[in-house]
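*Asks:* Before anything else, here's the structure in question.
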Amino acid sequence: MWRWIANALLFDVAWPLCVIVARPWVVVPFTLANLFIHLVFVANLRREPLWLGAVFLFGVGVDSVLFHLDILQNRNDSSWPPIWLICLWLNFAMTLRYSLVFLQRNLWFAVLLGGFFGPFSYYSGAFLNGTVELGQPLWQSLMILSLLWALMLPAFSYLARTINPAQP
């Protein structure tokens, strides 16, 4: 049980650190330290690096597409996700088999949570960080993010359950 609590607490530090502080010299070392702690103390190492790599690459790929389609916009005139958002994906990937394990048992709940909290996370992150904006019209970007996350979160949860289920 302590693994799930430690995992949740580390993500509770990672999200605001990545979004609000957002400095690469802070965010990258924290993410690497979190990855080390996760792999050494929290995770069942069986397939975990492959799992984390797959979710991370998929998420960064999806965000890259969103930036190229101007659904997400970088105020630095880059069409790529900023480092803090890339690090956030790796921190998020670490939660799917541990602190978010409950979603593996109820995929419809994952649809609802993804559909609401996915766009909420981007909206609040954009508001707090200031370097990323949601494309206009805002309602359209939020709807796209909602649909995307209503599909992605249950898909991640299903794959986590199928590939190598974590036992709470």
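The values are calculated or read from the model by the stated rules, or taken from the named source; none is laboratory data. Values in this document were obtained by computation on a predicted structure and should not be read as measured data. Ideal geometry is used to build each Cβ from the backbone, glycine not excepted, and the neighbour counts take in all protein chains shown. Accessible surface is based on the protein model in full, side chains and every heavy atom, while ligands, DNA and RNA are left aside. Shrake-Rupley method; radii C 1.70, N 1.55, O 1.52, S 1.80 Å.
*Asks:* Among the residues of segment 25-45, which ones are surrounded by fewer than 13 Cβ atoms within 10 Å (Cβ to Cβ) and either in contact with a Lys or Arg (Cβ under 7 Å, 6 or more places away or on another chain) or part of a helix (DSSP H, G or I) (or both)?
*Replies:* W25, P29, L32, A33, F36, V40, F41
*Asks:* Now for a different question. Show the residue pairs meeting these rules: Cβ distance below 8 Å; 6+ apart or different chains; first residue within segment 122-145 and at negative phi and in contact (Cβ under 8 Å) with a residue 60 or more places away in the chain; second residue open to solvent by 30 Å² or more (accessible area, probe 1.4 Å) and β-branched (V, I, T).
*Replies:* The qualifying pairs are L128/I20; N129/I20.
*Asks:* Further, regarding this structure: In segment 99-120, which residues are out of contact with any Pro (no Cβ under 9 Å at 6 or more places or on another chain) and touching a residue at least 60 places away in the same chain (Cβ under 8 Å)?
*Replies:* Selection gives S99 alone.
*Asks:* Output the residues belonging to segment 72-82 that are surrounded by 20 or more Cβ atoms within 10 Å (Cβ to Cβ) and in a loop (DSSP other than H, G, I, E, B).
*Replies:* Listed by number, the residues that qualify are P81, P82.
*Asks:* Taking P119 as meeting all but one of (1) more than 26 Å from I5 (Cβ to Cβ); (2) open to solvent by 20 Å² or more (accessible area, probe 1.4 Å); (3) of a type outside the set (D, E, K, R), write down the number of the exception.
*Replies:* Against the list (1) more than 26 Å from I5 (Cβ to Cβ); (2) open to solvent by 20 Å² or more (accessible area, probe 1.4 Å); (3) of a type outside the set (D, E, K, R), P119 comes up short only on (2).
*Asks:* Filter segment 46-71 for residues that are farther than 26 Å from L134 by Cα and in contact (Cβ under 8 Å) with a residue 12 or more places away in the chain; which is surrounded by the fewest Cβ atoms within 10 Å (Cβ to Cβ)?
*Replies:* R46
*Asks:* Separate question: Say we look at segment 83-105 and pick out the residues that are open to solvent by 20 Å² or more (accessible area, probe 1.4 Å) and more than 12 Å from the chain's Cα centre (by Cα); which of these is nearest to W25 (Cα to Cα)?
*Replies:* I83
*Asks:* Separate question: Looking at segment 138-152, is at least one residue open to solvent by 30 Å² or more (accessible area, probe 1.4 Å), out of contact with any Pro (no Cβ under 9 Å at 6 or more places or on another chain), polar (S, T, N, Q) and at pLDDT below 95?
*Replies:* No; the residues of segment 138-152 include none that is open to solvent by 30 Å² or more (accessible area, probe 1.4 Å), out of contact with any Pro (no Cβ under 9 Å at 6 or more places or on another chain), polar (S, T, N, Q) and at pLDDT below 95.
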